[in-house]
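Taking it in order: structure first as C-alpha cells, then the write-up.
The values are calculated or read from the model by the stated rules, or taken from the named source; none is laboratory data. Note that the structure is predicted; figures quoted are calculated from it, not measured. All Cβ positions, even for glycine, are placed from backbone atoms using ideal geometry, and neighbour counts span all protein chains on display.
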Amino acid sequence: MMKFADKESFQGAGGYHLLPLRFRRLPWDQERVFVSSMSGDWSVMLRSDLDRAVGGDLQPSESLFADMEARNLISTDPDRSTLAPLLSQYRTRKAYLQSGPALHIFVVSLRCHHTCSYCQVSRQPTSKSEFDMSGLAAGHAVDRLFEWPSEQLTIEFQGGEPLLHFDRVKSLVGMIEARNKTEGRSLRFVLASTLHDLSEEQLAFLKDHQFQLSTSLDGPEWLHNANRPRLERDSYKRTVEGIGRGRRALGDDAVSALTTLTSRSLQVPTDIIDEYRKLGFHSISLRPLSPYGFARKTAVRNGYGISDFLRFYEVALGHILAVNRQGYAMEETYGSLLLSQLLTPFSHGYVDLRSPTGAGLGTVVYDYDGQVYPSDEARMLAAMGDDTFSMGRVDQPVSTWLTSPAMKAVIEAGVAEALPGCSDCAYVPLCGADPIDHYARQGNCIGHRPTSDFCRKQMGLFDLLLEKLETLSSSDRTTLESWVFRSHQTASDMKEVA
C-alpha cells in the first residue's frame, strides 16, 4: 500500500509530515512491514509502529522518528526543511535516463547448429544464409548507433550463432572503430555465442579488440546435452572446449556463462552450481524460461510455475552460500542486481530493472534483416509473427523510431510507478515495468500484475533476499553484500542471450 499526506495532515503529536511511502507485510513475520520511500530508501519496522507513524503519533525523541526521517519517509515542518536529499537520491536512482541506450545488440545471423527446444530466437538451419545480416544493413546500423548520445556503448553480437557469420562481426567492428576515431566514445564489445568451433584466427581478432565472451552452460554434461542438443550429441564437450580456448586467449574474466532452466534443471540445483565451480566460474546466472520462439511451443514439456522456480532458487542460493563458506567465491548475478537495488542508492542500469522501462530507452536491437526493436524480446515476438514492437528500419533516423507506435506503446506502459498493481507495491522503486514481457505472457503491455509471472518472480526474490539478509549468519550476509560492488562492474547494461 502507498500513503500520501497533505499539508492539513501535518499536525500530529510529533509535528511531521508523511512523505510518499509504500509498505508490505513480511511473509516470514506478519507483525512487521517493509516500508519504502519514493526514492527506494527503506526500513523494516513493526506494523504497529507504522500505524503510529501514519497516525501522527511518533515523538521526536524516538529512534524510529530519526530513522524514518533519515530514510525520507517523514519530514518535519516543510517551511524549515528541504526535500533536496530525497530528490537527489531519486535522480541518482534514475540516472540511466540521462544518456539514452548504452546496449546495442547486432543480430548478425539467425543460423545456428543447435536444436534447443527452449530456444527463444527461432533459429534457422546453418545452410540458410538468407538469414545473415547484409553489408548494407550493417552500414546503416552503424550510422544509427552513433546517433544515440551515450558516451559509453556496449556492442553485443548475437544470433543464432554469430560465429557462423563472423565476417560480418569483423566488418562491423571495423566500421564502428573507424567511426569512433572522430566520435570518441567508450566502446565495449561482447560476443554471445556457444563458442563451438572457435578458430585461432577468430580468437586473435577477439583478443585484438578486447572482446568479452558470453556463453550458455546449463549444468552437468547430461543436462546441457539434453537442453542444448546437437546432432553429434557433443554440445557440452564443445562448449567446455570453447570456454577453455576463450579463457586462454582472452583471460579468465573475459568469459561468462549463464544457464537457462528447464523443468529437468529444477531437479538438480546443487549439481548445476557444482558444475560451474568445477569449471572455474565465480558467477552464475539462473535464468528461467521465457515465452518466446521455440520455448513457447515446448512449454508443456519444459515449463514450470514461478513458485517452482522460486523454490529452486532458494535451494540454489543456499548451496552457493555454502560454496562461499568453503572458501570458493561465487555469486548469482541476478540476485546481486536485486541486492544492489536494496543496499545502494545507485542504478546499475540493468534493462529489466528500469522504470521507465529499458526497452528502447536502455537497449536497441538491430536485426539481421534491417528491422529495429526496443529489446531482444520484441525481436523474438516479431520472429513469431507479431511485429507490434518494430520501431522501424536501420535506414530511418532514430527520431523516427522514437515516435513510432511501438515506442508509444512501450512508454505508455513503461513507468512502473504509474501502473495498477505496481503503483502501491513497496518494491516498485527498486523494480521495473517490462511491458513487452507482459504483452508476450498476458496479451497486454500493462497486464494483470497480481497474476504476472514477472511480478511474482520479482516479489518472491526480493522477499527471499530480504529474509536472508535478516536471518543468515553474519558471514553469509557479508557474502551477499560483497556481490553488490561486483554487480555495478559487470552488469551495467548487459542482457546477454547465447
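Would you confirm whether any residue within the range 239-262 is within 26 Å of the chain's Cα centre (by Cα), in the same structural domain as A192 (by TED's automatic domain parsing), within 23 Å of L289 (Cα to Cα) and of a type in the set (K, R)? No, there is no match, as no residue in the range 239-262 is within 26 Å of the chain's Cα centre (by Cα), in the same structural domain as A192 (by TED's automatic domain parsing), within 23 Å of L289 (Cα to Cα) and of a type in the set (K, R). Consider the range 345-368 and keep the residues that are farther than 9 Å from P101 by Cβ and in a strand (DSSP E or B). The one that is nearest to the chain's Cα centre (by Cα) is A359.
Looking only at residues in the range 24-39 that are part of a strand (DSSP E or B) and among the polar types (S, T, N, Q), the one that is surrounded by the fewest Cβ atoms within 10 Å (Cβ to Cβ) is Q30. Among the criteria (1) out of contact with any helix residue (DSSP H, G or I) (no Cβ under 8 Å at 6 or more places or on another chain); (2) exposed (fewer than 15 other Cβ atoms within 10 Å of the Cβ), the one A204 does not fulfil is (1).
Yes or no: S61 of a type in the set (S, T, N, Q) and touching a Pro at 6+ places or on another chain (Cβ under 7 Å)? No; evaluated as a whole, the condition is false for this residue. Would you confirm whether any residue within the range 131-139 is in contact with a Cys (Cβ under 8 Å, 6 or more places away or on another chain) and modelled with pLDDT under 95? Within the range 131-139, none of the residues are in contact with a Cys (Cβ under 8 Å, 6 or more places away or on another chain) and modelled with pLDDT under 95. Among the residues making up the range 414-427, none is over 22 Å from L337 (Cβ atoms) and crowded, with 22+ Cβ neighbours inside 10 Å. Checking F389, F462 one by one, the residue that is in contact (Cβ under 8 Å) with a residue 12 or more places away in the chain and farther than 24 Å from Q89 by Cα is F389 and no other. Looking at the range 60-109 only, could you name the residues that are among the polar types (S, T, N, Q), in a helix (DSSP H, G or I) and under 30 Å from Y350 (Cβ atoms)? Across the range 60-109, the qualifying residues are S88, Q89, T92, Q98. Reported count of residues in the range 212-237, each being on the phi < 0 side of the Ramachandran plot, surrounded by fewer than 23 Cβ atoms within 10 Å (Cβ to Cβ) and out of contact with any Asp or Glu (no Cβ under 7 Å at 6 or more places or on another chain), is 13. A residue that is free of Cβ contacts under 8 Å to residues at least 12 places away in the same chain and either in contact with a strand residue (DSSP E or B) (Cβ under 6 Å, 6 or more places away or on another chain) or in a helix (DSSP H, G or I) (or both) occurs somewhere in the range 263-271. Considering the range 378-404, the residues that are assigned to a helix (DSSP H, G or I) and out of contact with any strand residue (DSSP E or B) (no Cβ under 8 Å at 6 or more places or on another chain) include one that is surrounded by the fewest Cβ atoms within 10 Å (Cβ to Cβ), namely S399.
Of the residues examined, T239 is not one that is of a type in the set (V, I, T), closer than 28 Å to E314 by Cα, outside any helix (DSSP H, G or I) and in contact (Cβ under 8 Å) with a residue 24 or more places away in the chain.
The residues in the range 428-456 that are surrounded by fewer than 18 Cβ atoms within 10 Å (Cβ to Cβ) and within 14 Å of the chain's Cα centre (by Cα) can be counted, and the count is 0.
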